[in-house]
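Contents: one structure, followed by commentary.
Please treat every number below as a calculation from the coordinates, not as lab data. Only a predicted model underlies this, so the values are computations on that prediction, with no experimental measurement involved. Note that each Cβ is placed from the backbone with ideal geometry, even for glycine, and that neighbours are counted across all protein chains shown.
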Amino acid sequence: MKTAKFSLVLFLILLHFAVCQKLGAEVSFVFVSPCSEDAAVVPVDLPHVKIVSTTSNGRAFLFRETEPSDSSVVQSVNSELNKSLAVKKALELWDAARKAAPAPGQQWIQSDGPVPVWVLDGSSPGQGPGIFSLLPIRIQRKNGYFNSSQLIILDRLKTARDRYISIDEMISSGLLIQMVCHEIFHGIMADLYRERFLYFNIQTMFMGGPHDLPTETDSYLAFKEGFAEAAELWFSRNFPAEFAPRKLPENICNEAKAMILRLSQKRLKMLEFNRCIFEANGQIKDGVLKNGAKNISTEGVIGSLIFTIINNANLSDSMIKTFTVLANAAPTSFFEFAAEFMRSFPDRTNTIRRILLEYTNYTIFSNDAAALYEKYYLAKKSFVMGKLSRQEFLNAKNNWNNWKKEQLEKVNKGADVNNALPQPFVVITREGYSVDLNDEDQARLAWHLEAFIPKNTPNVTKAAEFYAAKILQKRNEIRVFQSVNQLKGVVPEWLFNKISAGFKRNLSRIEKSLDSEISKRRTLTSF
């Protein structure tokens, strides 16, 4: 009898421990404040946060857990996040993402506890909500501590004219929930990729342009931001009440009101624009299609496309299955993601191909397609303004639709969607000069190619122009370079060998940068 009682008690203890472990593993928020190196200084950025040793080889930024009641702003944030069904769902998805993620090779990347949230005070720089990912962070609690590799920062938002939108104003306008969900999905991607997220960021640093500029945003940054914006679209569809613009308080300045409405409406209107012609800021490219028709690497466009695929793939738990694709393959661009999605769910291939055809420049960066679409778009505008007959408008529309129909037939026969948009294919010389073999500007390609031609070659410039023309001709034949071997026979063997060595050199550079970044973050030597 005693043995039976002891077994029952032991079972209940183990059951309680298992339940507590499970509850502890679920993603939740904990509010924190930084521990400063100098007690007289209130940190507003990480360099002023105290760093402590965690193991014999690692260090971490030190924060302490705080009670929401310690600050009226934190209390408001806590109340807003706790009552939000969208945030609750985002945290459930984050928990699912952690379960889908590969085991980290670096122990400090492990994130199984709550996510620390640092609410900055009114003297902060005004960068808005953000997240630091894959940084070792230690949180002191009343009874011990826990470690994290993600830190959400909630900051006021600076406007163009040096005004500020406070956190309280973000709450009252509904903007905070939207922004927090966006940052959660950056954290989800970091957990899904683990160390590969650092590689992702390094690629962005090498190839990247300014954030959110349609003419310069690179494919890596566009995909990373696009993934988070796709999540916002998904949340706005599933939690419309929380993502609809609210009536703004009277005491908010006009500039702040305009910015809040612009940020909110941008997300809701994103799907209304044709993906071929709108910029990341949501404005239609009116009359400059020739300058922008080939540009689909903006995060707004990518966000719309990812959402369209997730929403139309007809998969149960489509968001979770998307996480699985990201965790398994860690794609670094949208078209890599699309290709991996089709490999994972081959029965959805035709659906995704149709989406790519309908909403992107898939094989549409041909001159014929750009011209046909431009005529259709401008004819539609002229017809609406009463400057063009209905028949002329219908002719332009039919020509565009017929071209798409022809392309759809090719797509259904198996056209390779991974070649839809040239991704950078970079090689570098021993001296550090680089050339992108997928650069479609022949003059720029030739200029960069000069670094690969011996200086004693007679008329280096003409030689570079000659080889650039041959490379571009081959690229147009195969649509995009994906391997150095595709240059065999196109250029002389000596140049092929230099380019091949340059490709390996670039991979080595990325690997060294990744090792350096992991070491820097683990030891915090450069922060």
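Just a few scattered comments:
- Length released on extending from LYS142 to ASP515, taking residue separation times 0.36 nm less the Cα-Cα span: 130.7 nm
- FRET efficiency for the ILE320 to TRP494 pair, using the beta carbon distance and R₀ = 51 Å, is estimated at 0.50.
- For ILE478 and LYS405, a Förster radius of 30 Å and the Cβ-Cβ distance give a FRET efficiency of 0.75, rounded to the nearest 0.05.
- In segment 426-523, lysine pairs with alpha-carbon atoms under 30 angstrom apart (chain gap of 8 or more, or interchain): 24
- Approximate shape of segment 426-523 as ellipsoid semi-axes (Cα gyration tensor, √5λ), whole Å, largest first: 27, 16, 12
- SER124 sits among other residues whose Cβ lies under 15 Å from its own Cβ, and their net charge, with Lys and Arg +1 and Asp and Glu -1, is -3.
- Counted charge near ALA258, where neighbours are those whose Cβ lies closer than 11 Å (Asp, Glu -1; Lys, Arg +1): +3
- Given R0 = 51 Å, the distance between the Cβ atoms of LEU394 and GLU255 translates into a calculated FRET efficiency of 0.70.
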